[in-house]
1. Report, by residue number, each residue of segment 97-118 that is crowded, with 23+ Cβ neighbours inside 10 Å and of a type in the set (Gly, Ala, Ser).
2. Tally up the residues in segment 253-282 that are hydrophobic (A, V, I, L, M, F, W, C), in a helix (DSSP H, G or I) and surrounded by 21 or more Cβ atoms within 10 Å (Cβ to Cβ), please.
3. Among all residue pairs at least 6 apart or on different chains, which show Cβ distances below 7 Å where the first residue, located in segment 7-31, is farther than 28 Å from residue 193 by Cβ and the second is within 16 Å of the ligand (Cβ to nearest atom)?
4. Does segment 40-64 hold any residues that are touching a residue at least 60 places away in the same chain (Cβ under 8 Å) and basic (Lys, Arg), and which are they?
5. All but one of (1) in contact (Cβ under 8 Å) with a residue 12 or more places away in the chain; (2) within 15 Å of residue 139 (Cα to Cα) hold for residue 97, so report the exception by its number.
6. Name the single residue that is nearest to the ligand (Cβ to nearest atom) among those in segment 21-43 being in a loop (DSSP other than H, G, I, E, B) and not hydrophobic (A, V, I, L, M, F, W, C).
7. Is it the case that some residue within segment 73-90 is within 16 Å of the chain's Cα centre (by Cα), more than 20 Å from residue 193 (Cα to Cα), touching a residue at least 12 places away in the same chain (Cβ under 8 Å) and outside any helix (DSSP H, G or I)?
8. Residue under question is residue 121, and the condition is that it be away from the ligand (no atom under 16 Å from the Cβ), surrounded by 18 or more Cβ atoms within 10 Å (Cβ to Cβ) and hydrophobic (A, V, I, L, M, F, W, C); does it hold?
Amino acid sequence: MTPPLLSNRIATLPKAELHLHLEGSIQPATVCALTARHGVVTTEDEVRRRYAYRDFPEFIEAFKWVTSFLREPQDYALIASGLAEHLLAQHVVYTEITLSIGVMLLRKQQPERNFEALLRATEPFETRGLRFRWVFDAARQFGADAAMEVVESAKRCNSKAIVAFGIGGDELSVPTEEFRRVYDRAAQRGLLLRSAINDPELMDLLAERRIPLEICPASNMKTGALARQLQREKATIEDHPLLKFLRHGIPIVLSTDDPAMFHTTLTEEYANAARMGLQEKELARIVEMGFQHAFSPASERRGA
Ligand SMILES: [Zn+2]
């Protein structure tokens, strides 16, 4: 018999999950409940078929489809409870969840009302030992004015639980310089900034300045991003540069990104890291770095 990839000790260590999109975390059963709320009958099999893609554009299609059913604050409450149960089962005690506020605004929703419902839905889980923090995300392709609206809505929500502001979406759509004033405003509002850098040439800089890389292996595989990066037809998990980054001294944050849509869990991502050749103590160090690189002050990251 082959030994399990992941020791029980690593699997059950309390963990932080820092790169997680609420809208990408809706498990098939919850999707069915969600569509039913809006009069559409869906089967879990159908959801699984939609949750299979060959490339990034196909993934975006599925993302648009599932989020088209997020119409009312109660819809957000429903998916947040589902996610919270899932995270507890993964031994997650602290999470920073990214919300696509840009999409809410595009759909003429009031982010404040959705956020209020999210806080109410997640409150019972805080007492069960799972701490929630939130990242307000603007979609780059909607432009700088729309992104500014996201910053303003974070202000209106007026909650200490909102810790950061990010710009996700299509990286090639609008150049970063155009968002300068948006980032300035976000900083004035006390929001920290989250951006993803993933260029091997920056390895020394990242190591020197202790800038963490957020790595989501299943996402890198399922969107074809790793193969593209390596300029290969196909890539396997063993080709992932995570081990190289870590041993170069770059802090690593291991995350699931869109766990339901990429058919992964945080435990599975640690197993992926083990497949890449990481040793037990390196896995434990990554667990620790998840807490070190959270946006909240150190005193707030683990339950009292
Ligand atoms: Zn992401």
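The values are calculated or read from the model by the stated rules, or taken from the named source; none is laboratory data. In this text the structure is predicted, and so the values were computed from the model without any measurement. In this analysis, Cβ positions are derived from the backbone assuming ideal geometry, glycine residues included, and neighbour counts consider all displayed protein chains.
1. Answer for segment 97-118, where residues must be crowded, with 23+ Cβ neighbours inside 10 Å and of a type in the set (Gly, Ala, Ser): 100, 102.
2. 2
3. 27/260; 31/66
4. 54
5. Here residue 97 clears every test but (2).
6. So, considering only residues that are in a loop (DSSP other than H, G, I, E, B) and not hydrophobic (A, V, I, L, M, F, W, C), the one nearest to the ligand (Cβ to nearest atom) is 25.
7. Checking segment 73-90: at least one residue is within 16 Å of the chain's Cα centre (by Cα), more than 20 Å from residue 193 (Cα to Cα), touching a residue at least 12 places away in the same chain (Cβ under 8 Å) and outside any helix (DSSP H, G or I).
8. Yes; evaluated as a whole, the condition is true for this residue.
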